[in-house]
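The values are calculated or read from the model by the stated rules, or taken from the named source; none is laboratory data. None of these values were measured; they are calculated from a predicted model. Here the Cβ positions follow ideal geometry from the backbone for every residue, glycine too, while neighbour counts run over all protein chains shown.
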Amino acid sequence: MGHFYETIPPNIYEWILEQKMLFVSTAPLAASGHVNVSPKGGQYFGLIDDKTFWYHDLTGSGCETISHLKENGRITVMFAGFVGAPRIVRLWGHGRVIERESAEFNAFVTANDVKTIPATRSIILVDVHQVGSSCGYSVPFYDFKDYRTTLNEVFEKKKKAYETGRSKEDMPRYWAYKNAWSIDGLPGMTKGLETGAKESVEPITKMIGPWAPAAPFGPKSFKLSNQLRYQLTKLDSTRVQLKSVLLMVVVAFVVGVVLAAYGPALVEAQRERLEGLLM
Ligand SMILES: Cc1cc2nc3c(=O)[nH]c(=O)nc-3n(C[C@H](O)[C@H](O)[C@H](O)COP(=O)(O)O)c2cc1C
């Protein structure tokens with residue numbers, strides 16, 4: 001019943017562009033990590049060609065997709081035909097995060113004429129290596145009424161609050177609070193991590209109960225590995241360059257080797273000189 005393709009065939013290409021929403025699924029590599037599925041799309045997705053899909057990633061309560069893509073890139077995009085002929089389409093591929101405020105993001109939105117909104121936090125670009133279509137015979141019918149505007153309004157309001165002087169309402173602080181770490185503690189938005197480190201924003205603890213991964217991951221983390229990871233992220237993100245630390249280690253090593261090689265001879269020479277003076 002199912003059909004597989006290496007690229008998106010023209011009829012599916014057109015059908016994808018008519019859809020009103022989609023689902024993305026990603027997973028961390030760790031066997032204990034949590035598999036994610038998120039709603040995406042709305043008016044914010046498109047195709048560049050028959051093997052390149054993109055969507056406009058909106059700020060929300062989580063950052064699972066971003067974290068998983070940064071770790072391993074695996075992603076499956078799914079569309080379901082709620083109106084018209086039955087059909088389910090899956091795009092399997094490798095996804096990349098292009099974060100807002102980066103030069104690549106600006107170039108992408110300009111080149112592809114993408115209109116951003118205050119909630120926009122990244123573009124996810126997917127290199128599709130396999131397309132699957134299946135019957136969709138059991139997908140229920142739903143008539144499309146309208147796009148829901150609540151998410152956009154929430155972040156429009158936040159933007160206005162920020163512009164009228166409430167400095168803590170800025171998006172990077174929100175990203176530091178909610179979009180800096182995945183549920184399992186994988187790093188999420190770079191800007192969120194940087195802002196969290198710079199402004200000491202304690203990230204939200206997401207899962208609860210005995211099965212929840214050990215959190216928090218930020219400055220108040222009580223778990224040594226989390227604390228170490230946070231400090232390393234902070235080092236990196238606050239641009240106390242890891243390069244400088246490595247350079248110091250190399251210099252210390254060289255000085256150590258020189259001292260070990262010539263130190264005893266120098267001490268001996270001094271001792272002999274002193275003995276000569278005292279005699
Ligand atoms: C149709 C649609 C519905 C959405 N519903 C929610 C929602 O209920 N809660 C939320 O936090 N984000 C919602 N979002 C926003 C995104 O899913 C958002 O990117 C979210 O933070 C999940 O990110 P993640 O997949 O990286 O964890 C929605 C977006 C779209 C396009």
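Listed values, structure above:
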read-out	value
So Gly256, is it more than 30 Å from Ala103 (Cα to Cα), free of Cβ contacts under 8 Å to residues at least 60 places away in the same chain and not assigned by TED's automatic domain parsing to the domain that holds Cys63	yes
Selection count where residues are part of a strand (DSSP E or B) and free of Cβ contacts under 8 Å to residues at least 40 places away in the same chain, scope segment 77-136	3
Residue match in segment 75-98 (condition: at pLDDT below 95 and under 17 Å from the mean Cα position of the chain (by Cα))	no
Qualifying residue in segment 146-167 (condition: among the small types (Gly, Ala, Ser), in contact (Cβ under 8 Å) with a residue 24 or more places away in the chain and touching a helix residue (DSSP H, G or I) at 6+ places or on another chain (Cβ under 7 Å))	no
Per-region count, segment 93-120, residues of a type in the set (Val, Ile, Thr), more than 16 Å from the ligand (Cβ to nearest atom) and surrounded by 15 or more Cβ atoms within 10 Å (Cβ to Cβ)	1
Residue check, Pro187 farther than 21 Å from Arg121 by Cα and either in contact with a helix residue (DSSP H, G or I) (Cβ under 9 Å, 6 or more places away or on another chain) or not assigned by TED's automatic domain parsing to the domain that holds Ala103 (or both)	no
Those residues of segment 41-65 which are more than 13 Å from the ligand (Cβ to nearest atom), in contact with a Phe, Trp or Tyr (Cβ under 9 Å, 6 or more places away or on another chain) and β-branched (Val, Ile, Thr), in sequence order	Ile48
Restricting segment 181-209 to residues that are outside any loop (DSSP other than H, G, I, E, B) and within 16 Å of the ligand (Cβ to nearest atom), the residue that is surrounded by the most Cβ atoms within 10 Å (Cβ to Cβ)	Trp181
So Arg74, is it more than 16 Å from the ligand (Cβ to nearest atom), of a type in the set (Lys, Arg) and closer than 20 Å to Asp127 by Cα	no
Tally, over segment 138-180, of residues that are in a loop (DSSP other than H, G, I, E, B), more than 16 Å from the ligand (Cβ to nearest atom) and within 23 Å of Ile66 (Cα to Cα)	1
Residue check for Pro118: at pLDDT 95 or above and either touching a Cys at 6+ places or on another chain (Cβ under 7 Å) or not assigned by TED's automatic domain parsing to the domain that holds Asn11 (or both)	no
Any chance Ser38 is out of contact with any Cys (no Cβ under 8 Å at 6 or more places or on another chain), in contact (Cβ under 8 Å) with a residue 24 or more places away in the chain and within 13 Å of the ligand (Cβ to nearest atom)	yes
Answer from Ile16, Ile66, Ile12 - the residue that is part of a helix (DSSP H, G or I) and closer than 24 Å to Phe155 by Cα	Ile66
His3 vs. criteria within 12 Å of the ligand (Cβ to nearest atom) and not small (Gly, Ala, Ser)	no
